[in-house]
Amino acid sequence: MFETLGFEETTPRLASLYFALILGLGFGFLAQLTRFCFRRALIGADRRQAAGVWALALAVSLLGTQLAVARGWISFDGHRLLAPDLPVLAIALGGLMFGAGMVLTRGCISRLTVLSGSGNLRALLCVMIFAITAHATLKGVLSPLRTALGTVTLPLGEQASLANLPGGAPLWTGVIALPLLWLAWRSQNRMGTFLGAVLIGALVPLAWVTTGFVLFDEFDPIAMESLSFTAPMSEGLFYVIASSALPAGFGSGLIAGVLIGALIAALLSGAFQWQSFESPRQTGRYALGAMLMGLGGVLAGGCTLGAGLAGISTLGIAAPLALGAIAVGGLATNRLLKEGASAASSSPVAPPARPAPQQAA
């Protein structure tokens, strides 16, 4: 369709960069205002409300994407999330690592990127560590590990997509979407929060359709992409350090847009505030969590957005497996941290040591 739009000086890649910048602005702005976060929906103090926001966004993402598929605008045939050989070991281990890292850093990578725009220097450091680790896993020193784990697969063939199971896409879309809508309804969020969740969810099919249909050019093809942070972080990092060798694309524009959108929302709402680490111990915990998320996000095939919000909208089996592993990793790590804190607080305080007697000179 791109060749019919009349753009003579703009390539599909450049157009996708501009579009991703706008998409990121929207997500960053909305995610800052709604405090959109999978970790918060899982173990937060207000997890009922947070889960309602996440569930509603996921339902809208799924319904909108499958509507676009039914209309023939896009197709996920050959998409990596619907690969006939499911890399089950990489997805499971990657999801567990990402979930653990998400709890250690008190936010998944999308939330940390949004927080970076609001002045949180802890989140900014985690974003940089995540990007370096993800890039090292995709194309650097950790890539042999990714390749080795990816060889353990489960042959699913056409059953890699729920759309190919009995009932087809309409049935499975309803099976997933209806409980999500029910969960959102019971969350008792304010109407403004519900609206923000709907808009966040709508960004997913908007991105699929724009990159896979509107900007499609058979003579200059680009990848069909949507909201995701793992691969875009890697792309953004590589562009920052080697822009003369690689032009900016969708991923770079998306990350830049999220940071700017979150910054605007934080300034307008009065939420912008510089924050940093409180101790070296906290710094180490966050750094470890960011590394686990960077490695785990690549192995699992995406983060809570790439393999969750956007991934599940494809109806691929890999996406819910990855999101489920992330949830298990997050819950297990949160429990271990609570048990450790409880044990530390209940242990008796050792009496102060008696001073040693002084010896004569």
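Residues in the stretch 292-338 that are assigned to a loop (DSSP other than H, G, I, E, B) and more than 21 Å from Val175 (Cβ to Cβ): Gly301, Gly302, Cys303.
In the stretch 238-256, how many are open to solvent by 50 Å² or more (accessible area, probe 1.4 Å) and either touching a residue at least 24 places away in the same chain (Cβ under 8 Å) or not aliphatic (A, V, I, L, M) (or both)?
Going residue by residue through the stretch 238-256, those that are open to solvent by 50 Å² or more (accessible area, probe 1.4 Å) are 238-241, 243-245, 247.
Then keep just the ones that are either touching a residue at least 24 places away in the same chain (Cβ under 8 Å) or not aliphatic (A, V, I, L, M) (or both); that gives 238-239, 243-244, 247.
So the count comes out to 5.
Per this entry, Ala262 is not counted among residues that are modelled with pLDDT of 95 or more, under 19 Å from Thr133 (Cβ atoms) and assigned to a helix (DSSP H, G or I).
Only a single criterion out of (1) under 28 Å from Leu288 (Cα atoms); (2) not in a helix (DSSP H, G or I) is not satisfied by Trp73, namely (1). For the stretch 187-201, a tally of residues being open to solvent by 40 Å² or more (accessible area, probe 1.4 Å), touching a residue at least 12 places away in the same chain (Cβ under 8 Å) and under 23 Å from the mean Cα position of the chain (by Cα) returns 2.
Considering the conditions (1) buried (at least 21 other Cβ atoms within 10 Å of the Cβ); (2) of a type in the set (Ser, Thr, Tyr); (3) at pLDDT 95 or above, Thr230 is excluded by exactly one of them, (3). The set of residues in the stretch 272-286 being open to solvent by less than 50 Å² (accessible area, probe 1.4 Å) and farther than 11 Å from Ala123 by Cα consists of Ser279, Gln282, Gly284. Taken over the stretch 105-121, the residue count meeting the criterion of being of a type in the set (A, V, I, L, M) and under 18 Å from Leu23 (Cβ atoms) is 2. Just one residue in the set Phe213, Phe229 is among the hydrophobic types (A, V, I, L, M, F, W, C) and more than 29 Å from Ala92 (Cβ to Cβ); that residue is Phe213. In the set (1) at pLDDT 95 or above; (2) within 20 Å of the chain's Cα centre (by Cα), the condition left unmet by Leu67 is number (2).
The set of residues from the stretch 9-29 being surrounded by fewer than 24 Cβ atoms within 10 Å (Cβ to Cβ), modelled with pLDDT of 95 or more and among the aliphatic types (A, V, I, L, M) comprises Leu21, Ile22, Leu25.
Which one is most open to solvent (accessible area, probe 1.4 Å), of the residues in the stretch 97-146 that are part of a helix (DSSP H, G or I) and of a type in the set (D, E, K, R)?
Applying the first criterion (part of a helix (DSSP H, G or I)) to the stretch 97-146 yields 97-104, 109-117, 121-139, 143-146.
Add one more test, that the residue is of a type in the set (D, E, K, R), and what stays is 111, 122, 139, 146.
On the way: Arg111: 31, Arg122: 38, Lys139: 148, Arg146: 77 Å².
Restricting to residues being part of a helix (DSSP H, G or I) and of a type in the set (D, E, K, R), the top hit is Lys139.
Picking from Ala341, Ala287, which residue would you name as being farther than 14 Å from Pro232 by Cβ, in a helix (DSSP H, G or I) and at pLDDT below 95?
Among Ala341, Ala287, only Ala341 is farther than 14 Å from Pro232 by Cβ, in a helix (DSSP H, G or I) and at pLDDT below 95.
Of all the criteria given as (1) among the aromatic types (Phe, Trp, Tyr); (2) open to solvent by 10 Å² or more (accessible area, probe 1.4 Å); (3) assigned to a loop (DSSP other than H, G, I, E, B); (4) over 19 Å from Ala223 (Cα atoms), the one not satisfied by Trp54 is (3).
You will find that of Ala207, Ala223, Ala184, the residue that is over 14 Å from Ile312 (Cα atoms) and surrounded by fewer than 23 Cβ atoms within 10 Å (Cβ to Cβ) is Ala223 and no other. For the stretch 147-179, give me the residue count where each residue is part of a helix (DSSP H, G or I), closer than 26 Å to Ser234 by Cβ and either open to solvent by 60 Å² or more (accessible area, probe 1.4 Å) or among the hydroxyl-bearing types (Ser, Thr, Tyr) (or both). Number of matching residues: 1.
The values are calculated or read from the model by the stated rules, or taken from the named source; none is laboratory data. Computed from a predicted structure; not experimentally measured. In this analysis, Cβ positions are derived from the backbone assuming ideal geometry, glycine residues included, and neighbour counts consider all displayed protein chains. Accessible surface is based on the protein model in full, side chains and every heavy atom, while ligands, DNA and RNA are left aside. Shrake-Rupley method; radii C 1.70, N 1.55, O 1.52, S 1.80 Å.
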